[in-house]
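Q: Please see the structure below; I have some questions.
The values are calculated or read from the model by the stated rules, or taken from the named source; none is laboratory data. This one's a predicted model, so the numbers in the text were calculated from it and none came from an experiment. Cβ atoms come from the backbone with ideal geometry, glycine included; neighbour counts cover every protein chain shown.
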Amino acid sequence: MHNYAEAVKDFVENHATGLTVAFVTGVGVLAFRRWMAGRVCRSKVRLEGKTVLITGANTGIGKETAMDMTQRGARVILACRDMTKARIAADEIRQKSGNGNVTVKKLDLTSLQSVRDLAKDVQENEGRLDILINNAGIMMCPKWKTEEGFEMQFGVNHLGHFLLTNCLLDLLKKSAPSRVVIVSSLAHERGRIHFDDINLDKEYKPEKSYRQSKLANVLFARELAARLQGTGVTVYSLHPGVIRTELARHLFQSLALWKRILFSLFMFLIKNPWEGAQTTIYCAVDESVANQSGLYYSDCAPKTPAPQALDDTAAKKLWDLSASMVGLA
Ligand SMILES: NC(=O)c1ccc[n+]([C@@H]2O[C@H](COP(=O)([O-])OP(=O)(O)OC[C@H]3O[C@@H](n4cnc5c(N)ncnc54)[C@H](OP(=O)(O)O)[C@@H]3O)[C@@H](O)[C@H]2O)c1
Ligand SMILES: *[C@@H]1O[C@H](CO)[C@@H](O)[C@H](O)[C@H]1NC(C)=O
Ligand SMILES: *[C@@H]1O[C@H](CO)[C@@H](O)[C@H](O)[C@H]1NC(C)=O
């Protein structure tokens, strides 16, 4: 009769190759997962007396960013389109951080009126604004339009934030040194600004539109930084990494079942929202970038964006087009 130790020994001897493969795979997966996690913002900067506004802060990396800013002592404004979700997130943030100075305000980036209303509220009711984080975003939705008839991804990811930032510039300048942080994406690298068909009416493709909107984010940061030279307001754009959030909701719906299953496995390997918020937090608070403006970041370090994101002529042209579209010209 075999006792337990002998049974184990037999099993190991009979399955040596399989066990080695499983062990090596396990270590490999864990090492890959660690590498995916990326760098962490190490700054210990405190933000007592400062005010931070974050768009789309009820979920995903926006919520994690809000949590971090609150833990540093800031007053944090969650600017969200769904007030029920926003209040639940605010309660959770207050409770976990022990900082009660968290407020929610309505912002629906599909409506320029909503953007103007929020900006007016902030100008009238907040004494200051030290950090503006343009985080909200929508990815690869069907061919939808904003209230003003702009293509949805360009409208929400770029135009709404363009107007919001411009409306809040006086308050940011008054609060200087202050920062504007714009959450873009690696997707900008394959993007192009379709100046002749900005709403992609001729040919709509969800990924083409997402890439255009994320390239617009980097170009906007660059042109805004140039315009704000000497004001004490600095500007940052960034790629947060590939992160397990709700961003893929529209993409996910259109996938076949087997693709959804693979996708779910992939989700385990990529950054969690806390890891995904680190580069945003770095751009918002880190002392080392205090005197940098207009650059693009990834993994808590500056990175050279794609050549079309360094085109100053395109950046100016996009600014003028955006200003006329939102009625700022
Ligand atoms: N996740 C990634 O792998 C990844 C990679 C590169 C870049 N990014 C960028 O990171 C940013 C945050 O995305 P996430 O991954 O955290 O996605 P998420 O979990 O889907 O969060 C997006 C946030 O934006 C809000 N939002 C969407 N449309 C809005 C509108 N019209 N008005 C106001 N708020 C709106 C959402 O509100 P609701 O909850 O009400 O929908 C939500 O709070 C985006 O700009 C995205 O492009 C993400
Ligand atoms: C909330 O934060 C603001 C700005 O940081 C500060 O002026 C105010 O005193 C804080 N309020 C409370 C109740 O802590
Ligand atoms: C940024 O500039 C200010 C003023 O010139 C200076 O005091 C500060 O040390 C600089 N910070 C960094 C990180 O270079």
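Q: Can you work out which of the residues in segment 109-127 that are hydroxyl-bearing (Ser, Thr, Tyr) and assigned to a loop (DSSP other than H, G, I, E, B) is farthest from Gly137 (Cα to Cα)?
A: So the residue we want is Ser111.
Q: Okay, next question. I want to confirm something. Restricting to segment 85-108 and keeping residues that are of a type in the set (S, T, N, Q) and not in a helix (DSSP H, G or I), which single residue is farthest from ligand 3 (Cβ to nearest atom)?
A: Among those that are of a type in the set (S, T, N, Q) and not in a helix (DSSP H, G or I), it is Thr103.
Q: Sticking with this structure for a sec: Find the helices (runs of 4 or more DSSP H) located wholly in segment 271-329 whose residues include 2 or more that are closer than 20 Å to Ile61 by Cα, outside the structural domain of Glu246 (by TED's automatic domain parsing) and of a type in the set (Val, Ile, Thr), and list them.
A: none
Q: Here's another thing I want to ask about it. List, please: which pairs have Cβ atoms under 7 Å, are six or more places apart or on different chains, and start with a residue in segment 59-83 that is closer than 18 Å to Gln95 by Cα and in a loop (DSSP other than H, G, I, E, B) and end with one that is of a type outside the set (Val, Ile, Thr) and modelled with pLDDT under 95?
A: As it stands, the answer is Thr59/Glu246, since those pairs meet every condition given.
Q: Pick from segment 79-107 the residues that are in contact with a helix residue (DSSP H, G or I) (Cβ under 7 Å, 6 or more places away or on another chain) and among the aliphatic types (A, V, I, L, M): which of them is nearest to ligand 2 (Cβ to nearest atom)?
A: Val102
Q: Can you name the residue in segment 97-113 that is touching a Leu at 6+ places or on another chain (Cβ under 8 Å) and more than 8 Å from ligand 1 (Cβ to nearest atom) and, of all such residues, is farthest from Ala57 (Cα to Cα)?
A: Once the filter is applied, the top-ranked residue is Leu112.
Q: Starting from residues that are among the charged types (D, E, K, R), in contact (Cβ under 8 Å) with a residue 12 or more places away in the chain and farther than 28 Å from Asp130 by Cβ, keep the ones in segment 161-200 and report whichever is farthest from ligand 1 (Cβ to nearest atom).
A: That would be Arg192.
Q: Still on this model: Can you name every residue in segment 310-328 that is touching an Asp or Glu at 6+ places or on another chain (Cβ under 8 Å) and more than 18 Å from Asn199 (Cβ to Cβ)?
A: Passing the criteria: Asp312, Ala315, Lys316.
Q: Here's a follow-up. Would a scan of segment 175-188 turn up a residue that is at pLDDT 95 or above, charged (D, E, K, R) and within 16 Å of ligand 2 (Cβ to nearest atom)?
A: Yes.
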